[in-house]
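Novice: Sharing a structure below in structure tokens format, with a few things to ask.
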Amino acid sequence: DPVNSAHMFAATDGGLFVTTNGGSSWAKPTSPSYASVDGNINTVVINPSTPSTVYIGGAEAPVAKSTDGGLSWAPANTGIGVSGSIIAVALAPSSPTTMYVSVGSGGPVGLFKSTDGAAHWSAVTAAPDYTGQGYSYGSGSGEQGWYDNTLAIDPTNANHVLAGGIALVETTDGGSTWSNVNGQTFFGGGTNKLHPDHHGLAFRADGKVWVGNDGGVFLYDPVSHAVTNSNGNLNITQFYYGFNELGGQSLAGSQDNGSATSGSSSVAAWTGLWSGDGGPSAITPNNPQTQFIQADQNLYRTTDAFTSNFANITPPALGLFTPPMAVAPNTGDPANPTVFYGGPDLYRTTNP
């Protein structure tokens, strides 16, 4: 609460929790009106001009509003005809009755706009499917509104809005037209090389925007349209289990940053081998030139330590994103040319 720092709100998957004593104790709103909007609350937004007006996004509402500082609540979803697992809500500080909500689910994201403080919403039909693989990568039918869905409005210009999913898109005319911050209509080969899968956006006082995604932290300049990789010395790469090391060579797969190798057992640069989601890796102990990595749930083999030889040996029944898991376990038998690969079933090859 901008006028009372001891009054805070926390959006959680167990509902909205409120403290009035600076965090010493927390509780859900006790008013019966809150029960109808309770659930997985993804976001909470306070009107800076009238801090007693609070909005939450999530559950089945998918937007609810309080005008008494979070004590009582009512749905504020007129015109929003969809529901989703992740709800992003943004309010324009320069025009607090102007709001956007992005409703993410397994289908194309629903983006809506209100100019009367959430009393009514209308669909922003001009917005591209920025949570879809088809738009973001130029092909594919997958949707990730359930995973990456974020909004931000320029504090000085209510018509300047950024919406992030797999791609990051921008409007400067209140939603009538949109452009891809990456420099083209889809991700691959764009001029700015923003990493995909966006989860956080924050405007700085100078008008530049911090962008948080699966590749870390980037800084976007809406004036020059330049993007700067701001990761610096942040150790943010998340390696999955199955990290492998043999004879000074390291081989590992990371979350959404591919599989990579390093030829030094000390601090050294890594060489990327494949993009997407990595996974468990393996260097065959009795034949170190034979190695295995994963990329987007496909299993790859090399017989020359990835110098030139590279083959996809994924079991036929386990294509892209077929297993109900982000990373499929695999392991090699150190004494024999055998690899086990786990998905909904367990597969084995004796001639990998």
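Novice: For the stretch 104-149, give me the residue count where each residue is of a type in the set (D, E, K, R) and either surrounded by fewer than 20 Cβ atoms within 10 Å (Cβ to Cβ) or touching a Lys or Arg at 6+ places or on another chain (Cβ under 8 Å) (or both).
Specialist: 3
Novice: Continuing with this model, one more query. On the given criteria, is LYS28 in contact with a helix residue (DSSP H, G or I) (Cβ under 8 Å, 6 or more places away or on another chain), open to solvent by 30 Å² or more (accessible area, probe 1.4 Å) and charged (D, E, K, R)?
Specialist: In short, yes.
Novice: Which residue pairs have Cβ atoms closer than 9 Å, lie 6 or more positions apart in sequence or on different chains, and pair a first residue in the stretch 35-46 that is more than 10 Å from GLY57 (Cβ to Cβ) and in contact (Cβ under 8 Å) with a residue 12 or more places away in the chain with a second residue that is open to solvent by 60 Å² or more (accessible area, probe 1.4 Å) and basic (Lys, Arg)?
Specialist: ASP38/LYS28
Novice: Filter the stretch 311-352 down to the residues that are in a loop (DSSP other than H, G, I, E, B), β-branched (Val, Ile, Thr) and at pLDDT 70 or above, then identify the one that is surrounded by the most Cβ atoms within 10 Å (Cβ to Cβ).
Specialist: THR314
Novice: In addition: Here are some conditions: (1) touching a residue at least 12 places away in the same chain (Cβ under 8 Å); (2) open to solvent by 20 Å² or more (accessible area, probe 1.4 Å); (3) closer than 30 Å to ALA202 by Cα. GLY258 meets all but one. Which one does it not meet?
Specialist: Only one criterion is unmet by GLY258, namely (2).
Novice: Count, please, the residues in the stretch 149-190 that happen to be within 16 Å of ASP129 (Cβ to Cβ), at pLDDT 90 or above and polar (S, T, N, Q).
Specialist: 6
Novice: Which of the residues belonging to the stretch 220-245 are closer than 24 Å to THR172 by Cα, within 21 Å of the chain's Cα centre (by Cα) and open to solvent by 80 Å² or more (accessible area, probe 1.4 Å)?
Specialist: If the condition is that a residue be closer than 24 Å to THR172 by Cα, within 21 Å of the chain's Cα centre (by Cα) and open to solvent by 80 Å² or more (accessible area, probe 1.4 Å), then ASN229 is the only one that fits.
Novice: Does at least one position in the stretch 284-307 carry a residue that is part of a strand (DSSP E or B), of a type in the set (Gly, Ala, Ser) and crowded, with 21+ Cβ neighbours inside 10 Å?
Specialist: No, the stretch 284-307 contains no residue that is part of a strand (DSSP E or B), of a type in the set (Gly, Ala, Ser) and crowded, with 21+ Cβ neighbours inside 10 Å.
Novice: Give me the pairs: first residue in the stretch 221-237 and under 15 Å from PHE203 (Cα atoms) and among the β-branched types (Val, Ile, Thr), second residue open to solvent by less than 40 Å² (accessible area, probe 1.4 Å) and part of a loop (DSSP other than H, G, I, E, B), beta-carbon distance under 6 Å, and six or more apart or on different chains, which are they?
Specialist: Sorted first by the residue in the stretch 221-237, then by its partner, the pairs are VAL227/ASN192; VAL227/LEU194.
Novice: Out of VAL101, VAL89, VAL37, VAL44, report the one residue that is of a type in the set (A, V, I, L, M), open to solvent by 40 Å² or more (accessible area, probe 1.4 Å) and either assigned to a loop (DSSP other than H, G, I, E, B) or under 29 Å from THR125 (Cα atoms) (or both).
Specialist: Within the list VAL101, VAL89, VAL37, VAL44, the selection yields VAL44.
Novice: On to the next question. Just wondering, is there one or more residues in the stretch 167-175 that are hydrophobic (A, V, I, L, M, F, W, C) and open to solvent by 50 Å² or more (accessible area, probe 1.4 Å)?
Specialist: No, the stretch 167-175 contains no residue that is hydrophobic (A, V, I, L, M, F, W, C) and open to solvent by 50 Å² or more (accessible area, probe 1.4 Å).
Novice: Looking only at the stretch 227-258, count every residue that is among the hydrophobic types (A, V, I, L, M, F, W, C), modelled with pLDDT under 90 and under 28 Å from ASN180 (Cβ atoms) and tell me the total.
Specialist: Residues that pass the stated criteria total 2.
Novice: Moving on to the next point. Can you name the number of the only condition in (1) of a type outside the set (Gly, Ala, Ser); (2) open to solvent by less than 20 Å² (accessible area, probe 1.4 Å); (3) in a loop (DSSP other than H, G, I, E, B) that THR78 fails?
Specialist: Here THR78 meets the rest and fails (2).
The values are calculated or read from the model by the stated rules, or taken from the named source; none is laboratory data. Just so you know, these numbers come straight off a predicted model, no measurement behind them. Reconstructed Cβ throughout: ideal geometry from the backbone, glycine too, with neighbour counts over all protein chains shown. In case anyone asks, the SASA skips ligands and DNA or RNA and just uses the protein heavy atoms, side chains included. Shrake-Rupley method; radii C 1.70, N 1.55, O 1.52, S 1.80 Å.
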